[in-house]
Amino acid sequence: MTTPVITAWSAVSPFGLGRGAFAAGVAAGTSAVTRPDDWPVPRQRVAQVPGFVTAEVLGRKGTRSMDRVSALTAAAADELLGADSRHREVAAGERAALVLGTTAGSSTSMMDITRDTHTRAMPFHIDTPRIPNAIMNSSAAQCAIRHHLKGPNTTVAGGRTAGLFALRYALRLLSFGHARSVLCGGAEELTEDRAWLEHLSGDPDRPTTLGEGCSLLLLEPAAPPDAPVLAEVLGVTLGVFRDGEQDTALADCLDRALARAGVAAADLWAVSPAVGQGEVRLDGHAPLILPGEEAWGDAGAAAAPFQIASVLAAAEGDPAARGRVAAVLSADRDNVLGCALFRIAKEPGSTHA
């Protein structure tokens with residue numbers, strides 16, 4: 001039985017446009033959180049993608065009515081598919097799938113449509129080009145159209161854990177032969193509308209630093225003979241937890257994931273912990289702890305994909321990672337959680353993990 005592999009990744013993040021900017025930010029251990037002077041929402045620390053203007057990044061053709069989360073997704077796909085001719089060949093066409101994690105699509109688009117129905121002369125006098133943006137799967141659909149992805153196209157909602165939901169869905173597509181490749185990840189936008197929703201629904205005494213962005217993986221069903229493998233995907237384990245029991249449930253989820261993958265705790269090179277998770281120790285072994293929300297803010301559905309990207313970025317420069325396993329843990333405030341395990345390639349640029 002073959003093991004699905006990651007052969008490429010991309011990121012549009014608060015560190016900047018592209019995989020290089022993200023990797024440099026993770027390697028430097030810096031934070032992309034800023035205090036903008038003109039941010040009107042009472043949440044003064046944010047982590048925006050710097051200088052991201054849709055028309056400037058993607059061009060004007062086909063982007064006039066594109067919302068921010070769709071633009072971030074398209075930009076991440078542009079980078080991944082434009083970096084290598086093989087990526088374009090493998091990740092496009094009839095059996096090329098896209099699975100995107102989301103929280104609820106674009107809150108700004110949905111609120112704009114709702115507002116128009118109340119403020120225009122007639123409820124149906126709305127800006128019709130915006131209607132598709134208000135649908136949860138708009139970003140994935142626009143990305144597929146832009147890049148000729150004609151295989152399964154799926155959007156999975158799950159907040160901070162959406163990226164792991166999407167990854168598990170992608171693995172099923174590959175294992176059942178429904179796709180020859182999958183672009184898999186998650187995206188979230190940082191807008192005034194989302195900031196107000198988070199401010200009014202969260203704990204005002206413990207404000208969250210909001211972030212945004214998109215990160216995508218190129219998944220293939222097995223190690224290809226003509227391209228390097230970055231890591232094997234050993235599996236995704238999901239679960240739920242009760243209020244006040246997040247750390248216990250995450251530890252149990254990690255234990256179950258390791259057991260299913262047949263991995264010993266001592267083989268765990270690094271862990272990207274969930275937000276608010278306590279110390280991660282296994283049988284006295286303390287793995288490397290990778291950066292998370294403190295570096296890029298609460299990126300919502302892009303959080304787990306950013307965590308996976310941080311694993312791949314850190315592994316590139318750490319010889320101790322070769323052939324060993326990394327864990328990505330995620331938990332959402334709606335009491336769902338997950339753990340994904342990855343085995344890093346034994347040699348940089350090798351065709352076998």
Is there a residue in segment 282-291 that is hydrophobic (A, V, I, L, M, F, W, C), touching a residue at least 24 places away in the same chain (Cβ under 8 Å) and not in a loop (DSSP other than H, G, I, E, B)?
yes
Considering only segment 292-326, how many residues are open to solvent by less than 10 Å² (accessible area, probe 1.4 Å) and assigned to a strand (DSSP E or B)?
2
Determine which single condition LEU80 fails, assuming it passes every other condition in (1) open to solvent by less than 30 Å² (accessible area, probe 1.4 Å); (2) modelled with pLDDT under 85.
(2)
Just a yes or no: is a residue in segment 217-230 within 18 Å of the chain's Cα centre (by Cα), at pLDDT 90 or above and in a loop (DSSP other than H, G, I, E, B)?
yes
Of all residues being touching a residue at least 60 places away in the same chain (Cβ under 8 Å), open to solvent by less than 30 Å² (accessible area, probe 1.4 Å) and in contact with a strand residue (DSSP E or B) (Cβ under 6 Å, 6 or more places away or on another chain) in segment 250-281, which is nearest to GLY300 (Cα to Cα)? Just the residue, please.
ALA274
Pick out, from segment 48-163, the helices (runs of 4 or more DSSP H) lying fully within it that include 3 or more residues that are touching a residue at least 60 places away in the same chain (Cβ under 8 Å).
68-82, 85-90, 107-119, 138-147
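Which is more than 21 Å from SER310 (Cβ to Cβ) and surrounded by 12 or more Cβ atoms within 10 Å (Cβ to Cβ), of SER85, SER31, SER65?
Exactly one of SER85, SER31, SER65 is more than 21 Å from SER310 (Cβ to Cβ) and surrounded by 12 or more Cβ atoms within 10 Å (Cβ to Cβ), namely SER65.
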Identify, from the list ALA91, ALA47, ALA8, ALA75, the residue that is touching a Ser or Thr at 6+ places or on another chain (Cβ under 8 Å), open to solvent by less than 30 Å² (accessible area, probe 1.4 Å) and modelled with pLDDT of 90 or more.
ALA47
Yes or no: ALA345 more than 15 Å from the chain's Cα centre (by Cα) and in contact (Cβ under 8 Å) with a residue 60 or more places away in the chain?
yes
Regarding VAL311, is this residue at pLDDT 95 or above, of a type in the set (A, V, I, L, M, F, W, C) and over 19 Å from the mean Cα position of the chain (by Cα)?
no
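The values are calculated or read from the model by the stated rules, or taken from the named source; none is laboratory data. Computed from a prediction, not measured in an experiment: that's the story for all the values here. Methodologically, a virtual Cβ is constructed for each residue, glycine included, from the backbone with ideal geometry; neighbour enumeration extends over all protein chains shown. Protein only, heavy atoms only, side chains kept; ligands, DNA and RNA dropped before computing areas. Shrake-Rupley method; radii C 1.70, N 1.55, O 1.52, S 1.80 Å.
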